[in-house]
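These notes concern the structure reproduced below.
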Amino acid sequence: MQAIDNEFFDEYKKLDKICGEIFNCTNGVSEYISQMDMTGGRKYKISTWNEDYRELIHLRSVRNDLAHNTYDYAISNQNDLEMVKKFYERIINQKDPFAQLRKLDENERKITKNKASTVQTKPVSNNKTLYEKISFAIDDIEDKDSRKNTKSSDRLSVLSKILIALGIIFAIGIIIMLL
């Protein structure tokens with residue numbers, strides 16, 4: 001093993017240890033990758049997810065090559081060393097993919113909780129039931145219509161009146177819900 005391989009191997013062991021502590025296991029990086037495999041659709045919330053996944057698989061492959069083979073030349077390179085160090089730092093600083101998911105989930109829970117606490121129900125005015133409100137609206141339409149001196153063919157049908165009344169009540173209900 002070359003000097004860079006030894007340094008990479010030491011840095012990888014640190015990364016493997018911290019991942020093992022996160023998942024309470026002995027093969028930390030492998031478990032981190034396995035958990036990434038099982039995450040499902042939530043991974044699309046993290047823009048670097050696929051890149052991180054590929055990097056971890058590559059780093060594990062380099063580590064396995066170092067652990068199980070002997071070569072007269074360096075297996076790892078400066079880029080591999082930087083990747084393993086950066087991923088370790090991201091875990092320490094809670095900027096790794098799972099930390100980012102936890103933060104997103106916490107923010108979504110806070111937003112949902114805030115929305116739920118701000119919803120207020122409006123009391124029904126005059127304690128009238130929906131049926132009473134519809135009846136009142138229809139009666140009002142009929143009263144206005146009967147005051148007009150128009151031909152019966154020009155008047156709205158009862159069904160049209162009901163539909164108009166329902167539309168008005170529906171619109172009022174939406175306005176109340178939005179307030």
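Points worth noting:
- Theoretical FRET efficiency, 1/(1+(r/R0)^6), r = Cβ-Cβ of Arg54 and Lys110, R0 25 Å, to 0.05: 0.20
- Cβ crowding within 10 Å, taken as a proxy for footprinting-reagent exposure, orders Leu104, Leu178 from fewest neighbours to most as Leu178, Leu104.
- Options Gly20, Ser76, Gln35, ranked by Cα towards positive dipole end of segment 3-118, top entry (Cβ charges): Gln35
- For the cross-link pairs Lys14/Lys110; Lys17/Lys45; Lys14/Lys45; Lys13/Lys95, the ones whose C-alpha atoms lie over 30 Å apart are Lys14/Lys110.
- Three-way shape label, segment 3-118, alpha-carbon gyration tensor, a/c 1.5: prolate
No value in this document is a laboratory result; all are computed from the given coordinates. Fair warning: this is a prediction, and the values are worked out from it, not measured in the lab. Because the Cβ atoms are built from the backbone with ideal geometry, glycine has one as well, and the counts that use them run over all protein chains shown.
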